[in-house]
1. Limited to segment 241-268, what total is found for residues that are without any contact (Cβ under 8 Å) to a residue 60 or more places away in the chain and of a type in the set (A, V, I, L, M, F, W, C)?
2. Can you tell me which residues in segment 228-237 are open to solvent by less than 80 Å² (accessible area, probe 1.4 Å) and either among the small types (G, A, S) or not in a loop (DSSP other than H, G, I, E, B) (or both)?
3. Residue by residue through segment 144-166, note down the ones that are within 17 Å of T105 (Cα to Cα), open to solvent by less than 20 Å² (accessible area, probe 1.4 Å) and under 21 Å from the mean Cα position of the chain (by Cα).
4. Taking K460 as meeting all but one of (1) at pLDDT below 70; (2) assigned to a strand (DSSP E or B), write down the number of the exception.
5. Name the residue, out of V214, V274, that is under 26 Å from the mean Cα position of the chain (by Cα) and within 23 Å of Y56 (Cα to Cα).
6. Tally time: how many residues in segment 169-200 are without any contact (Cβ under 8 Å) to a residue 12 or more places away in the chain and β-branched (V, I, T)?
7. Mind listing whichever residues of segment 336-348 are in contact with a strand residue (DSSP E or B) (Cβ under 8 Å, 6 or more places away or on another chain) and surrounded by fewer than 16 Cβ atoms within 10 Å (Cβ to Cβ)?
8. Can you find a residue in segment 45-60 that is at pLDDT below 95 and either open to solvent by less than 30 Å² (accessible area, probe 1.4 Å) or among the β-branched types (V, I, T) (or both)?
Amino acid sequence: MKGVQRLGQQLVLLVAFGIMSGSALASISEYQLDNGMHVVVKEDHRAPVVVHQVWYKVGSNYEPNGITGISHMLEHMMFKGTKTLQPGEFSKRVAQLGGEENAFTSTDYTAYYQVVGKQHLEEVMRLESDRMRNIVITDEEFKKERDVVTEERRWRVEDKPAGKLYEQFKAAAFVSSPARQPTIGWMQDIRHYTVEDARRWYRKWYAPNNATLVVVGDVDPESVYQLAKKYYGAYEPEEITAPKPQREFKQEGERRITLQGATKLPQLLIGFHVPTLVTAKSDEEKAEVYALSVLSDILAGDDSARFSKNLVRGSKVVASAGSSFDATDRLQALFILHATPNEGKTPQEAEQALWAEIQKLQQQPISQDELDRVLAQSEAQYIYHQDSIQSQAIILGSLLSVGLPADTLDNWVENLRRVTPQMIQAVTRKYFSPEQQTVAVLVPNGEEASSPTNGALPGKGVH
């Protein structure tokens, strides 16, 4: 959908920075409707604008084999009409209000949103609530949209060696967990979707007791609550049965794949299984999650981080390098290192260079000055993102959708500030070893690259 890429990047940034403060969430109001729907309202009166978002707790990590990507397919069908709206009419109505609207699907949730003047909140709530239970999925519209999704996958993955590398890297890193599945789904599954697959998925998951309404902007919380009762409160709850546990096997040795593709420069991905705030089994493991978050910034937070300073500008082994870690994944997470070797350098040299930086951290604690600098930069990034009511709503919706409480944010900076140089050293020793790594390498196959080399990683598999 239009604008998804921009929103997806915003989501990735927010999760990556992982920085929130109590002051930003001081005016949150929470309610629960009689049918189980969770309602969260945050006041921000700087402009007469409101963000209205509905988050469903379902994404690719909920999908069984054979219908992978069906959550994303259903997201497309949500714009094809209801019992009272013609296909495409929802978007036209929002546009007539002068608003923006779209949706995105990730590994753990699917969300729909509108940004409008505050006087139009009731109208978009009426429209969105209608889609919760009343969409009409016809055979004709389904087949047309299935072709659209097929082409979307071809564009995002099949024709992009970097996208294909990341997909196969995840499938190698996760053997028994649904985290191995691409959010957009495997091509063979997309081609064999039936209209009844989408209808069943809709009836099963798009219910008020499986949804969170997030409203941020120039609003009165009690008024929002009354509107939510009027529109969303009209629906009966459904019986929601969570998928059976499909936990990842313990990794007992290195996993390594090599992919050939039409790329100018090789690319390298290295992943390690790590806990998240959702999967951590103890306070000690939760503290490790905060240390891993800080570690990611130490390695690749900005131009002064170690990868840029030592490998890009220093030894010039790599043209670019980065790290990725999502502290809020519902299932297992990967801490990922990625790099593009410089011209004349091999993937093996890039891999050795990344490992050399990890080994420095394992052998010698970082200085308190370096830690303080990284934390200060992270806090600054958070302050910048508070300027967007859309960003504030995304933070709330994403955390609540994976089962983390809203007050997770209140203590975030304080928990980061508890991270010590010794904790950084401890997590690098515990989670980073050759026996625990999954390595994926993309090498040129001699064909001309059809798209620029792009080492960016998709966060939470947003589509």
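The values are calculated or read from the model by the stated rules, or taken from the named source; none is laboratory data. In this text the structure is predicted, and so the values were computed from the model without any measurement. Neighbour counts are summed over all protein chains in view; Cβ atoms, including those assigned to glycine, are modelled from backbone coordinates with ideal geometry. Accessible surface is based on the protein model in full, side chains and every heavy atom, while ligands, DNA and RNA are left aside. Shrake-Rupley method; radii C 1.70, N 1.55, O 1.52, S 1.80 Å.
1. So the answer is 1.
2. Selection gives A228, Y231, Y232, G233, A234.
3. Once the filter is applied, which keeps residues that are within 17 Å of T105 (Cα to Cα), open to solvent by less than 20 Å² (accessible area, probe 1.4 Å) and under 21 Å from the mean Cα position of the chain (by Cα), segment 144-166 yields V149, R153, V157.
4. (2)
5. Exactly one residue qualifies, and that residue is V214.
6. Within segment 169-200, residues that are without any contact (Cβ under 8 Å) to a residue 12 or more places away in the chain and β-branched (V, I, T) number 1.
7. Once the filter is applied, which keeps residues that are in contact with a strand residue (DSSP E or B) (Cβ under 8 Å, 6 or more places away or on another chain) and surrounded by fewer than 16 Cβ atoms within 10 Å (Cβ to Cβ), segment 336-348 yields only E343.
8. No: zero hits.
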